[in-house]
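No lab work stands behind these numbers, since they all come straight from the coordinates. Note that the structure is a prediction, hence the values are computed from the model and not measured. All Cβ positions, glycine included, derive from the backbone under ideal geometry; neighbour counts span all protein chains shown.
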Amino acid sequence: MSDPSQACRSATFGLPWPLLNDGLFYNDVVRASDSGLTLIHFYSTKHKNSAPPKGWLQRIQNGQIAVDGEVIRDPDTILRIGSKLVYHRLPWEEPEAPYFLQILYEDDDMIALNKPPGLQVLPGGLFQQRTVLTQLQWWATKPTSSVACQGPHPVPVHRLGRGTSGILLCAKTKLAKTRLAAYFADGTSHIENSSKTSVDLCATRKVTKIYRALVTGIIGEDEVIIKQPIGMVQYPGVAKGLYVATPSGKPSLSKVEVLERDVKKNLTLVQVEIQSGRPHQIRIHLSFIGHPLLGDPLYVIGGHPKCFGSENVEDNFAQDGGFLRPANPVPGDCGYNLHAYQVVLSHLSNNEVIKITAPLPHILQTKQEAQEISTY
């Protein structure tokens with residue numbers, strides 16, 4: 001088994017975020033079916049998840065939309081087939097986010113990072129610049145970077161929730177990205193297409209992910225296998241829908257092992273091996289069995305959100321015309337205790353087994369681990 005420390009070339013990297021990001025440009029071409037629509041009708045129907053109608057009206061009147069290279073402020077302008085539309089989302093100050101990343105492992109194919117909680121992996125929503133992807137882009141352009149002369153910057157091949165810390169695998173080449181993506185997809189396909197037990201599946205996987213989590217309540221069994229399907233439902237503030245526990249969802253499997261029970265605080269420290277990669281799977285599965293993650297602002301017992309209440313957004317929009325931040329919790333909210341602790345995978349070039357471990361936050365250490373660290 002390979003020793004990751006031998007391949008690590010750098011400890012940490014990261015640049016402070018500028019006050020404002022660069023803004024964004026979104027392009028559209030008017031199709032035959034949209035010819036004859038007004039500018040406001042086009043945007044308020046085709047991109048209704050971006051802003052309410054009054055928000056789009058503000059953006060048009062503010063001169064943020066151009067038609068065939070000309071800024072148009074009249075919302076009733078009639079569109080013609082083939083016209084090119086450009087919406088300019090003005091630069092904005094993104095919410096606070098950490099920026100330092102620790103390199104746990106690096107070779108010619110990939111990099112394993114230790115992602116801090118509070119940092120988003122890929123652009124989305126309010127976070128378009130303050131992401132792991134941006135830091136990788138900046139790092140790759142530095143003259144001293146180990147990837148500066150190897151072409152495209154590294155890219156994450158899977159996601160961790162913004163509030164989740166720990167190991168994030170990133171590919172340094174297109175071939176590595178394809179192979180790593182296949183590793184993750186292969187594990188999920190086994191869950192979908194096989195009736196094997198979790199032990200059998202573990203033996204066939206080329207990548208194994210193990211997490212640490214602190215949950216509310218005392219789990220009585222030492223080991224729990226959770227096979228609850230996970231699917232999507234409509235939820236205010238989440239345009240594409242929210243993942244929840246539902247019988248109509250896709251097959252999912254998590255193996256939960258109890259490490260310590262704190263009866264006085266009514267908490268259980270667990271280790272979780274996921275053998276499928278559904279979004280928010282651990283948060284959903286643990287809450288489904290009655291033990292939500294400590295501090296989880298969204299998921300409660302049963303694997304569902306705290307509330308499904310609708311919100312009136314027609315007359316309320318943010319300064320840039322978009323929707324206000326939802327009053328209800330959303331998946332990107334932080335506060336829970338979940339850490340991608342260990343990844344074991346076959347090396348992309350020689351199939352050698354690589355074991356990568358991310359240092360544990362104090363709150364997710366067993367008493368023995370904490371004592372060993374303090375006496376080291």
Hey, with R₀ at 45 Å, roughly what FRET efficiency would Glu70 and Leu122 work out to, going by the Cβ-Cβ distance, to 0.05?
-> 0.85
Among Tyr26, Tyr105, Tyr235, whose mean-square fluctuation peaks in a Gaussian network model of the chain (Cα, cutoff 10 Å)?
-> Tyr26
What's log10 of I(q)/I(0) for the chain at q = 0.14 Å⁻¹, Debye sum over Cα points only, no solvent?
-> -1.28
Total formal charge among the other residues, if their Cβ is under 13 angstrom from that of Ala245, Lys/Arg +1 and Asp/Glu -1 = +4
According to the Cα gyration tensor, what semi-axes, each the square root of 5 times an eigenvalue, does the equivalent ellipsoid of the range 24-89 have, listed from largest to smallest in whole Å?
-> 16, 13, 11
Computed FRET value (nearest 0.05) for Lys174 with Ser248, which takes r as the C-beta separation and R₀ as 30 Å | 0.25
Could you list Leu242, Leu286, Leu133 in order of exposure, starting from the residue whose Cβ has the fewest other Cβ atoms within 10 Å?
-> Leu133, Leu242, Leu286
Among Trp139, Trp92, Trp56, rank each residue by its count of other Cβ atoms within 10 Å, from fewest to most, as a rough exposure measure.
-> Trp92, Trp139, Trp56
Which residue fluctuates the most in the chain, going by a Gaussian network model with Cα springs under 10 Å, if the choices are Cys170, Cys334, Cys307?
-> Cys307
Which links in Lys255/Lys355; Lys46/Lys177; Lys115/Lys172 stretch past 21 Å when you go from one Cα to the other?
-> Lys46/Lys177
Checking the range 80-139 for GluC sites (Glu not before Pro) in a loop per DSSP with at most 16 other beta-carbon atoms within 10 Å yields Glu93, Glu96
When the helix-only estimate is applied to the chain (DSSP H runs of n ≥ 4, each -39,500 (n - 2.57), divided by the residue count), what is the mean residue ellipticity at 222 nm, nearest 500 deg cm²/dmol?
-> -5500 deg cm²/dmol
Could you please state, rounded to a whole Å, how far the C-alpha centre of the range 202-276 is from the C-alpha centre of the range 31-97?
-> 41
Environment charge at Arg212 (Cβ cut-off 13 Å; Lys +1, Arg +1, Asp -1, Glu -1) = -3
